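Structure first, commentary second.
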Amino acid sequence: YFLPPPNREGLRDALVQPAEMAGYRFETPEMVEKMLDHLATASGALPLLQFTAVKLWEARDSARKLLTEASYQAIGGIEGALASHADSVLNELSSSARVLARAVLLRLVTPERTRAVTSLGELHELSRKQGEVQALVDQLVAARLLVVQTASDAGGATVELVHESLIHSWPTLRRWLEESQENQAFLEQ
């Protein structure tokens, strides 16, 4: 059976009920409504909600048992939570790993600015050092920025961005895409 994506009330339940079960509440009802409004226009709302909820939980006010508006703003809201997380992951990389991360991430975006599903083998061609790409991909998967799908056929594993919003809401990746627009068209050809 195929399950349709949750509607607004389903998203509200997924957001509010776990917090309430843990004895927490949102600072204001408007905060929840603002989150739901943003999710209503986002593709793949459930993964974005889950990621944002985790970041909001990590920034909770334990003394008052609140998920606060200030914390929500600090993580960048729905669209900024994943982007700010991606920047912090990049900042933890060495300069050479950052250069490789840029190359990998650019390969995972089509010229039409959608997610590209790329074979792990193709990404391995980006570095001459044995295991360097695999280590980086593993690190980005652990940081929940990439997803790897393993195939049972001879095609091997594929890699893609965890969510389309990285392409549109992550300023670093947008800047890289602008800088390498000609290269992307060449790679596509």
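Calculated FRET efficiency, GLN149 to GLU30, Cβ-Cβ distance, R0 = 45 Å: about 0.70 to the nearest 0.05. Rounded, prolate or oblate: which fits the range 1-123 when a ≥ b ≥ c are the square roots of the eigenvalues of the alpha-carbon gyration tensor, with rounded for a/c under 1.5 and prolate only if a/b beats b/c? In terms of gyration-tensor shape, oblate. Among all the aspartates and glutamates, which ones have a C-alpha under 17 Å from LYS129's C-alpha, if same-chain residues fewer than 8 places away are not counted? Straight-distance partners of LYS129: ASP138. For the chain, modelled as a GNM whose springs connect Cα atoms under 10 angstrom apart, the maximal fluctuation among ALA83, ALA63, ALA143 occurs at ALA63. Listed by chain and number, the aspartates and glutamates placed with their C-alpha closer than 17 angstrom to that of LYS65 are GLU20, GLU27; residues fewer than eight positions away on the same chain are left out. Straightening the chain between TYR1 and ARG113 buys 37.2 nm, computed as 0.36 nm per residue apart minus the Cα-Cα spacing. Among 67-75, 159-167, the peptide with the highest mean count of other Cβ atoms within 10 Å heads the list, and the full ranking is 159-167, 67-75. Rounded if a/c is under 1.5, else prolate if a/b beats b/c, else oblate: with a ≥ b ≥ c from the C-alpha gyration tensor eigenvalues square-rooted, which is the range 78-189? Rounded, since a/c falls under 1.5. Measuring r between the beta carbons of ALA135 and ARG8 and using R0 = 45 Å, the FRET efficiency lands at 0.65.
Taking LYS55, LYS129, LYS65 as the candidate residues, the one with maximal mean-square fluctuation in a Gaussian network model of the chain, Cα springs under 10 Å, is LYS129.
Taking Cβ atoms as reference points and 12 Å as the exclusive limit, the residues near ALA143 contribute a net charge of -2, counting Lys and Arg as +1 and Asp and Glu as -1.
The modelled label-to-label distance between GLU92 and ALA157, using points 7 Å beyond Cα along the C-beta direction, is 1.8 nm.
Since every read-out is calculated from the coordinates, none of them should be taken as a lab result. Given the structure is predicted, the values throughout are model-derived calculations rather than measurements. Positions of Cβ are generated from backbone atoms using ideal geometry, with glycine treated the same way; all protein chains shown enter the neighbour counts.
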